[in-house]
Amino acid sequence: MKSIHPTCAWSDGRYVLPPLPYDAAALEPFLDEQTALLHHDKHHAAYVAGANEAADALRRVQEGELPPTAAPDAASRLAFNLGGHILHCLYWESMTPEEGGCPAGELADAVNRSFGGFEGFEKVFRAVTAAIQGSGWGVLGVDPVSGRLRIFGIHRHQDSLIPGFLPILACDVWEHAYYLRYKNDRAGYIDSFLRHIDWERTHQRLTAIYHES
Ligand code: MN3
């Protein structure tokens, strides 16, 4: 099966942690090397391990090795950890060392149609993402009903998502994503993120959804 998240690999029945798409220091000074390394090698890796563990537990329930009462917890661990894995794959691919790009082509058209322009997008994305209570994400994606772009604030890795929503851009606002450099200045981190979005890759994800599905 072709994954809509091409970097989120699935191999031999296991979820696999992809390498960072750039050197860990490549996003300095926006994102420091230590944060990128810890975030990828420890946090993201733990979600991959957690997704595999939960999928194994569900298989063991199916095969009678674990009682059915173990299934609800395993299913909820799978939602949390697989949600985390998918969003982190998208997060790494959402950023670029280059600064100050903006959407072009079909993505620019979609941004204009959906938010009345780039400034409208930035205003809503910044406000929704900054206001997440506790740990979560600001995510831009395609509404499966209208085809319009929508912005959601996701709590943890999986709460407040609508069925069929296809994310194309994700900003992690768990504290582990920014605290070493930005401390409690989440808004400053979000502003830096907005200046380092890889719009070209985001455009590719959008056209894949619009034309290949
Ligand atoms: Mn994270």
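Among the conditions (1) over 24 Å from Pro29 (Cα atoms); (2) at pLDDT below 95, Ala104 misses just one, which is (2). Among the numbered conditions (1) away from the ligand (no atom under 16 Å from the Cβ); (2) over 22 Å from Pro18 (Cα atoms); (3) within 19 Å of the chain's Cα centre (by Cα), the only one that Pro97 does not meet is (2).
Of the residues that sit in region 138-156 and are of a type in the set (Gly, Ala, Ser) and more than 16 Å from the ligand (Cβ to nearest atom), which one is farthest from Trp92 (Cα to Cα)?
Ser146
For region 69-77, the count of residues that are touching a helix residue (DSSP H, G or I) at 6+ places or on another chain (Cβ under 7 Å), surrounded by 20 or more Cβ atoms within 10 Å (Cβ to Cβ) and of a type outside the set (Asp, Glu) is zero. Of all the residues in region 157-189, those that are within 14 Å of the ligand (Cβ to nearest atom), within 19 Å of Glu93 (Cβ to Cβ) and outside any loop (DSSP other than H, G, I, E, B) number 6. Against the list (1) at pLDDT 95 or above; (2) surrounded by fewer than 15 Cβ atoms within 10 Å (Cβ to Cβ), the condition Ala9 fails is (1).
Taking Tyr178, is it buried (at least 16 other Cβ atoms within 10 Å of the Cβ) and free of Cβ contacts under 8 Å to residues at least 40 places away in the same chain? Taking the combined requirement at face value, the residue does not satisfy it.
This table checks each residue for (1) in contact with a Leu (Cβ under 8 Å, 6 or more places away or on another chain); (2) closer than 21 Å to Glu175 by Cα; (3) of a type in the set (S, T, N, Q); (4) within 16 Å of the ligand (Cβ to nearest atom).
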{"position": "Leu87", "(1), (2), (3), (4)": "no, yes, no, yes"}
{"position": "Leu90", "(1), (2), (3), (4)": "yes, yes, no, yes"}
{"position": "Gly101", "(1), (2), (3), (4)": "no, no, no, no"}
{"position": "Asp109", "(1), (2), (3), (4)": "no, no, no, no"}
{"position": "Asn112", "(1), (2), (3), (4)": "no, no, yes, no"}
{"position": "Gly116", "(1), (2), (3), (4)": "no, no, no, no"}
{"position": "Phe121", "(1), (2), (3), (4)": "yes, no, no, no"}
{"position": "Phe125", "(1), (2), (3), (4)": "yes, yes, no, no"}
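The residues on offer are Asp23, Asp41, Asp32, and the sole one that is surrounded by fewer than 17 Cβ atoms within 10 Å (Cβ to Cβ) and either farther than 17 Å from Cys89 by Cβ or not acidic (Asp, Glu) (or both) is Asp23.
The values are calculated or read from the model by the stated rules, or taken from the named source; none is laboratory data. Every value quoted in this text rests on a predicted model; they were computed, and no experiment measured them. When we count neighbours, we look across all protein chains shown, and the Cβ atoms used for this are built from the backbone with ideal geometry, even at glycine.
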